[in-house]
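Participant: Handing you this structure, nothing more for now.
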Amino acid sequence: MISITLPDQSRKQFVGPLTVRDVATAIGPGLAKAAIAGKVNGKLVDLDHLLTCDASVAIVTERDTDGLTIIRHSTAHLLAYAVKELFPEAQVTIGPVIENGFYYDFSYSRPFTPEDLKAIEARMGEIAKRDLPVTRKVVPRDEAVAYFSGIGEHYKAEIIASIPAGEEVSLYTEGEFTDLCRGPHVPSTGKIKIFKLMKVAGAYWRGDSKNEMLQRIYGTAWTRKEDQDAYLHMLEEAEKRDHRKLGKQLDLFHLQEEAPGMVFWHPKGWALWQQVEQYMRRVYQDNGYQEIRCPQILDKSLWVRSGHWENYKDNMFTTESEKHDFAIKPMNCPGHVQVFNSDLRSYRDLPLRYGEFGVCHRNEPSGALHGVMRVRGFVQDDGHIFCREEQIKDECVSFNRLAMSVYEDFGFKDIAIKIALRPEKRIGTDDDWDKAEGALREALRACGAEWVELPGEGAFYGPKIEYHMKDSIGRNWQCGTMQVDFFMPGRLGAEFVDEHSGRQTPVMLHRAIVGSLERFLGILIENYAGALPLWLAPVQIVAMNVTSEQVTFVDSVVKALKTHGFRVQADLRNEKISYKIREHSLQKIPYQLILGDKEMQANFVTARIRDGKGGGTNLSPMSLDEFVSHLQVELAAKR
C-alpha cells in the first residue's frame, strides 16, 4: 500500500503504483477535471507522474499560482508548434515563462510581421481546440541530440549537446510537435484558452552579441479573460504614462547618444528633482542622520578590501592615473566606512547614522538601459548605520516605519515587503548570514509586518529587506532596501571602543528609501501620468491675463505668490485665454489663475484646478489670501 498525504494533512491509502491523476480522481471527479499538474513532496510534476512510495501530494489547478505558470509555459510550446506548422523552416530555440507571460525565440529567414503574429495566434487557437494530449518521454542525451539534428533543429541539438554525457533529458510531444523541456505541462492543449501574442523583438542566441540575432515573440496567457483584459488595459495605461514620452512632453529631461545612460535634466525636471531631494534631506535631519559627501573615485585597493572588486568589478568603470588603478564608485558604502574610520569611535556614539545623496556609476549593458529607470549614472538617497549587534532590531524597526511614512507621502500606500536571502556568491560565514537574516525577520515581526522570502537574491555582503510599491495602475516597483552587513566593516578596519575599553567591529546597515533618484522620479512621473501633486509639481501655478489691461495685476499676483514660496509663472502672451488654458492643461499645471477685468477690479483671483481627465474646474472667486490658505492646506496634506 502507498500512503498519500494531502494538503489538509489527511491521508489516503492506495494500491500502488499510481499516478497523480489517479489521486485527483480518487479525491473527486470535479478536481480530476480541473487538475493540470501535481506537486509531489514540494516538486511540480505532470499528472501522469508515477507514485511508487509514500508521498505528500497536492493537486494543481488553474486557480493556483503554480497552475498559471504551467499554463504559460505550455502556451510557449503551443506558440512554437503553431510557428512550425505555418513556417516549417523556422528553427525553435528556447521558450521560458516570464512575468505575466512567456516568449519563444526563433531563427527564421525573414522578420515576422504583424500579420504573421495574427496568423500564429489564430493557429494557436486551432491547435488548442484540437485538445491534443501532451505526453512526456525521457531519453538519453545522445538520442535526443540525434533526434533534433535529424529534423533540422540545430539550436535544440546544441542545447542538449551542452548537457553532460550519459544524462537523460525529457521531451514533450503534442500532436506533431516535440520539444525539449523539464516540464511539467498541462495534460492537453485544450487546457490553454486565454492568450495573446504581444510583439516581436530581437534577441541574440544565448544572449551573446557575437551570435545570430533571433526573433523573440512575446505573449501573455491567463486563466480568466477578465484578468487578461485588465492586464492589457494596464499595458495601454503604461504606454500613455511612459516617462520618456512625458519627459519630453513636459520638458523635464532628455537623453542622447553622447552620454548613454546619463540624464540631462531640464529646469522643470530639476525643480521636481529638488522637491524630492530636499524632502529626503529633511527626512535625514528629522531622524538622526548626518549628511556627508564622499569622493567619486577611489583607489582599486579599497574596492579589493571591501570585496567589490572580486564580486562586482564587471559593473565598475575604472581609470588609471600615475600608475595607480582607480574605480568610479558604483556604491557609497566603502566611502562611508572611511568617514567612520576617520576618528576613534565609542560605543556611546552608536548608532551612528550617515546619509549621502551619492552619485554612483555602474557599467550597465546598453541593451538594459531604459529612460531614467535604468541608467549608468545615478544618485541614491543612500544611508549607512553603524551600530552594535543588539541595536540592529531597533534600527530596522525604526527604518521600516520611516520608509512606510515616506512612501505614503509620495502617494504609495500598497507596499509589499520581501527579504532577499544569501546568494551563492557571497562573503562571510554561514553563522554570520544566519544572524543577519534572523535579525531582519525579528525586526519585521516586531513591526507586525508580513513578508515573502527570496532565496539567493541578497547582496554578496548581506541579506536585505526590499520594499515593493504598487503604483496607480497595479505595477510593482522595488525601491527601498535595508541590508544587514556583518562583513564589510571588518574588511575595511572599522572599530569602536566598547564599555570594557576593548575593540569591537560595528555592524553596518545599508539603507535607502527611494533608491536611485532618477528611477524614483520616473516612477513618480508614470504613477501620476505626469499630473504631479501640488507639492511636487515643477510649476504649481500659472497666472494669465485675458487682455493687456491686466498685465500689471498679473505681475503683482505672481510676485505675491512667490513671496509665499510657490513655484509660479506668468503667461502674458497675446493669445486667446482659451488657447492658454488648453496649453497649460496639457502641461498638467495644478492651478491656473485666470485674471480678467472682473478679478482686477475686485482684487480677487479665479483659480482653475486641474482634474484627472486632462481638463479643469473653476473654483469660486476668492481673495489672494484665501487662495494662499487653500494651497497651504493642500501642500500640508501632500494629496
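The values are calculated or read from the model by the stated rules, or taken from the named source; none is laboratory data. None of these values were measured; they are calculated from a predicted model. All Cβ positions, even for glycine, are placed from backbone atoms using ideal geometry, and neighbour counts span all protein chains on display.
Participant: Tell me, which residue of region 295-327 that is out of contact with any Phe, Trp or Tyr (no Cβ under 9 Å at 6 or more places or on another chain) and part of a loop (DSSP other than H, G, I, E, B) is nearest to Y354 (Cα to Cα)?
Facilitator: That would be P295.
Participant: Looking at V40, V20, can you tell me which residue is touching a His at 6+ places or on another chain (Cβ under 6 Å), closer than 21 Å to V138 by Cβ and either surrounded by fewer than 22 Cβ atoms within 10 Å (Cβ to Cβ) or modelled with pLDDT of 95 or more (or both)? Walk me through how you get there before you give the answer.
Facilitator: Values: V40 fails: touching a His at 6+ places or on another chain (Cβ under 6 Å).
It is V20.
Participant: Another one. Filter region 372-391 for residues that are among the aliphatic types (A, V, I, L, M) and closer than 16 Å to A512 by Cα and give the result. Spell out the reasoning first.
Facilitator: Of all residues in region 372-391, those among the aliphatic types (A, V, I, L, M) come to 372-373, 375, 379, 385.
Scanning region 372-391 gives V379, I385.
Participant: In region 194-223, how many are out of contact with any Phe, Trp or Tyr (no Cβ under 7 Å at 6 or more places or on another chain), at pLDDT 95 or above and of a type in the set (D, E, K, R)?
Facilitator: 1
Participant: Just one of (1) in contact with a strand residue (DSSP E or B) (Cβ under 6 Å, 6 or more places away or on another chain); (2) crowded, with 19+ Cβ neighbours inside 10 Å trips up L631, so point out which.
Facilitator: Tallying (1) in contact with a strand residue (DSSP E or B) (Cβ under 6 Å, 6 or more places away or on another chain); (2) crowded, with 19+ Cβ neighbours inside 10 Å, L631 fails exactly one: (1).
Participant: Go through (1) hydrophobic (A, V, I, L, M, F, W, C); (2) under 23 Å from H49 (Cα atoms); (3) touching a helix residue (DSSP H, G or I) at 6+ places or on another chain (Cβ under 6 Å) for L171 and report which single condition fails.
Facilitator: Unmet for L171, out of (1) hydrophobic (A, V, I, L, M, F, W, C); (2) under 23 Å from H49 (Cα atoms); (3) touching a helix residue (DSSP H, G or I) at 6+ places or on another chain (Cβ under 6 Å): (3).
Participant: Report every pair of residues separated by at least 6 positions or lying on different chains whose Cβ atoms are under 9 Å apart, first residue within region 43-69 and within 21 Å of S10 (Cβ to Cβ), second aromatic (F, W, Y) and surrounded by fewer than 21 Cβ atoms within 10 Å (Cβ to Cβ).
Facilitator: L51/F14
Participant: How many residues does region 380-399 contain that are closer than 19 Å to E291 by Cα and surrounded by fewer than 19 Cβ atoms within 10 Å (Cβ to Cβ)?
Facilitator: Applying the first criterion (closer than 19 Å to E291 by Cα) to region 380-399 yields 380-387, 395, 398-399.
Next, from what is left, pick out any that are surrounded by fewer than 19 Cβ atoms within 10 Å (Cβ to Cβ): 398.
Residues meeting the conditions: 1.
Matching residues to (1) touching a strand residue (DSSP E or B) at 6+ places or on another chain (Cβ under 7 Å); (2) modelled with pLDDT under 90; (3) over 30 Å from A529 (Cα atoms):
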{"position": "G438", "(1), (2), (3)": "no, no, yes"}
{"position": "E442", "(1), (2), (3)": "no, no, yes"}
{"position": "E453", "(1), (2), (3)": "yes, no, yes"}
{"position": "E457", "(1), (2), (3)": "yes, no, yes"}
{"position": "G462", "(1), (2), (3)": "yes, yes, yes"}
{"position": "Y467", "(1), (2), (3)": "yes, no, no"}
{"position": "K470", "(1), (2), (3)": "yes, no, no"}
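Participant: Turning to a different aspect of this structure: Yes or no: region 578-585 includes at least one residue that is surrounded by fewer than 18 Cβ atoms within 10 Å (Cβ to Cβ) and more than 25 Å from R241 (Cβ to Cβ).
Facilitator: yes
Participant: Among the listed residues K413, K393, K435, identify the single one that is of a type in the set (K, R), over 30 Å from H266 (Cβ atoms) and under 18 Å from the mean Cα position of the chain (by Cα). Give the steps one after another, and end with the answer.
Facilitator: On the way: K393 fails: under 18 Å from the mean Cα position of the chain (by Cα); K435 fails: under 18 Å from the mean Cα position of the chain (by Cα).
Result of the check over K413, K393, K435: K413.
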